[in-house]
Each structure stands twice: as structure tokens, then as C-alpha cells.
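Below is one structure, written out as C-alpha cells; the observations come after it.
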Amino acid sequence: MRIDRLLGLGVPSISFEFFPPKTEQGFASLYQTIDELRPHKPTYVSVTYGAGGSTRQKTVDLVSRIQHGLGIRSMAHLTCVGHTADEIGQILDQLWEARIRNVLALRGDPPGGQSQFVATEGGFSHANELTAFVRARHDFCIGVAGYPEGHPQCLNRIRDLEHLKHKVDAGANLVITQLFFDNADFYRWRDLARAMGIKAPLVAGIMPITNVAQIKRFVSMCGAKLPHNLLLRIEAVESSPEAVHAVGVEYAIHQCQDLLANGVDGLHFYTLNKSKATVEVCKALGARHVS
């Protein structure tokens with residue numbers, strides 16, 4: 001079923017993001033993670049797409065396995081990087097034939113070693129172009145990315161929201177945000193988005209912190225920021241992985257509780273193919289959500 005038919009009806013969604021592992025052992029670990037998360041009845045899960053389409057077939061195979069073998073609604077990520085329109089069309093046809101009805105349309109990051117995105121000849125330069133192409137190809141539910149703190153390559157938040165509106169106007173049905181840690185940023189962004197006429201459900205991206213060096217690396221790449229009080233707390237216990245995990249999970253629980261209390265359309269957990277922290281957060285929330 002299309003995800004957009006389940007969202008925006010007054011009951012939040014809960015979803016999890018995975019990536020295709022590189023090894024058989026990695027796949028075994030991922031399926032264990034999915035088994036541990038399954039009792040929380042996610043509305044859907046999404047599967048990422050490697051740089052330059054490097055996991056193209058693994059992504060298609062994994063979303064098919066999760067949806068048809070494990071019975072969990074799935075969304076396939078798709079990027080512009082390294083593909084012509086014809087190649088993307090073939091991927092979309094393959095997903096459609098596999099009865100996958102949900103796609104997350106992304107521009108994608110520049111390949112390693114490049115600072116600026118350069119479109120593939122015969123491909124797309126922007127996510128709104130990819131969104132329009134997907135919309136014309138098949139009747140997918142199309143998700144796109146949103147940036148409560150602004151895209152790292154965008155000059156200001158208003159311009160960034162204008163880009164988001166272009167994606168929604170091109171046919172996007174829902175928006176999943178980049179990870180963030182300050183809910184005030186999300187609320188300001190949501191208010192501005194609604195004022196600009198963006199009516200699509202806005203799903204909040206959540207990543208419980210479990211490793212200090214890792215989260216610092218992530219936020220430096222994606223343009224998010226760590227609130228000062230949170231940074232002080234995790235740095236104070238950086239030498240203890242267990243303490244970092246406890247602080248990160250506690251913060252994520254409070255963050256999600258506040259978002260749910262303020263009418264968020266959904267929570268999307270960036271799991272990094274691990275379940276422990278996300279399971280702990282979901283147990284603590286005990287929230288009713290659409291499944």
C-alpha cells in the first residue's frame with residue numbers, strides 16, 4: 001500500500017531506515033535487527049541507495065524481501081547520482097514489477113572526492129526533476145527530503161523551503177527530514193513550510209546517539225547541529241560507550257515525546273542497521289501509531 005494513504009490522518013507514523021549490507025554476515029545481522037524491531041509494528045521501513053547507485057540491485061532485492069518475505073511495507077531510496085533518465089526508468093519499472101509502491105526521491109551526494117554535484121549526462125540535476133520523472137513513470141507514493149536546519153549547500157532556509165516546495169509541486173507526497181536534535185528548529189521549519197503552502201506530511205528524522213565520534217561526523221556532513229547542553233553531556237561520558245548510549249537514548253525519548261505531543265506527522269528512525277537504541281526509544285514511547 002502507498003504510505004501517503006496512511007499519513008496525515010491524525011495518527012503519527014513510526015518508520016525505520018536500513019541500508020543494504022556489504023556482506024552475507026551483514027545481511028544476517030540486519031534481518032536480526034528487523035526481527036527485533038518488528039514487534040513495534042512500523043508503518044513502513046526504507047532502504048537506502050549507495051553512492052552512485054552502488055547498491056542498486058541490493059536495494060531493490062532488499063525492499064522486495066522485507067515487503068513480501070517479512071510482510072513490512074517498504075520504501076526504496078533512489079538518487080540522481082551516476083544514472084541517466086533511462087537507467088532510472090528501468091529501476092522504477094523493476095520496483096513497480098516487484099509491487100513496491102513507495103520511493104524516496106533524492107538528488108544524492110556528490111561522489112567521493114567531489115565537492116559539487118555534477119549531473120550525469122542524460123540524467124537529472126535536482127530532486128524535483130527526479131520527482132517529476134517518477135510521478136510520470138508510475139503511480140508511486142513519492143517521498144522527498146526536508147532540512148529543518150537548511151541543506152548544507154543552500155544559502156538560507158527560505159530558499160531551501162522554496163526548493164522543497166518545488167519537489168512537492170512536482171509530485172511528492174510526503175517529506176522525511178534530515179536528522180536533527182533541536183525540536184525548535186523543526187517547529188519553525190514546519191510553520192514556515194505550512195505558510196508557504198506545503199501541505200504534505202512532514203516526518204521527523206531521529207537518530208539516537210550511541211557514539212560521540214560517529215555523531216560528530218554525521219552532523220558535520222549533513223549540516224545539522226548538536227545543542228550545546230547535549231554536546232556537553234555526551235562529551236562528559238565519551239570514554240564510556242554504555243553511558244553515551246544511555247544519554248543518547250534518554251535524549252531521543254524526550255525529543256520524540258515532545259514531537260508527538262506537538263502533532264508530528266511521523267517519526268523516522270535512522271537505525272544504522274542496529275536495533276537496541278531504537279527499540280528502547282519505541283518501548284519508552286508506547287505511542288499509538290498507524291501500522
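The values are calculated or read from the model by the stated rules, or taken from the named source; none is laboratory data. Just so it is clear, the model here is predicted, and its values are computed rather than measured. Ideal geometry is used to build each Cβ from the backbone, glycine not excepted, and the neighbour counts take in all protein chains shown. In case anyone asks, the SASA skips ligands and DNA or RNA and just uses the protein heavy atoms, side chains included. Shrake-Rupley method; radii C 1.70, N 1.55, O 1.52, S 1.80 Å.
Taking the charge dipole of segment 154-291 about its Cα centre, with +1 at Lys and Arg Cβ atoms and -1 at Asp and Glu Cβ atoms, the residue from Ser220, Ala204, Ile158 reaching farthest to the positive side is Ile158.
Straight Cα distances below 29 angstrom link Lys274 to the lysines Lys22, Lys41, Lys58, Lys216, Lys225, Lys283, with same-chain residues fewer than 8 positions distant left out. The fraction of accessible area contributed by carbon and sulfur in segment 147-291 is 53 percent, rounded to a whole number (1.4 Å probe; ligands and nucleic acids excluded). Summary of the geometry: segment 11-84 and segment 211-278, compared by the centres of their Cα atoms, lie 21 Å apart.
Principal axis analysis of the Cα atoms in segment 143-197 yields extents of 29, 21, 20 Å, listed in decreasing size. In segment 1-47, the inverse of the mean reciprocal separation of distinct Cα atoms equals 12.1 Å; this is its Kirkwood hydrodynamic radius. Distance between the 7 Å Cα→Cβ label points at Leu232 and Ser220: 2.3 nm. Highest GNM mean-square fluctuation among Leu267, Leu202, Leu231, for the chain modelled with Cα contacts below 10 Å: Leu231. If both residues of a DSSP beta bridge must be in the chain, then about 0% of such bridges are antiparallel. Per residue, the chain exposes 45 Å² of accessible surface when a 1.4 Å probe is rolled over the protein heavy atoms with every protein chain present.
Each peptide in 246-252, 203-209, 167-173 gets a packing score, the mean of other Cβ atoms within 10 Å over its residues, and the list from highest to lowest is 203-209, 167-173, 246-252.
Secondary-structure-derived ellipticity at 222 nm for the chain, considering helices only, amounts to -13500 deg cm²/dmol, per-run term -39500 (n - 2.57) for DSSP H runs with n ≥ 4. Scoring 92-103, 268-279 by mean Cβ neighbours within 10 Å over their residues and listing the highest first yields 268-279, 92-103. Placing unit charges on the Cβ atoms only, positive for Lys and Arg and negative for Asp and Glu, gives the chain a dipole magnitude near 480 debye about its Cα centre. Around the Cα centre of segment 1-91, unit charges on the Cβ atoms of Lys, Arg, Asp and Glu (plus for the first two, minus for the last two) sum to a dipole of about 220 debye. Among residues other than Arg159 with Cβ under 14 Å from its Cβ, the summed charge is 0 (Lys and Arg +1, Asp and Glu -1). Remark on the chain: hydrodynamic radius 19.3 angstrom, per the Kirkwood mean of 1/r across alpha carbon pairs.
Based on C-alpha pairs under 8 angstrom that are at least 6 apart in sequence, segment 1-85 has a relative contact order of 30 percent.
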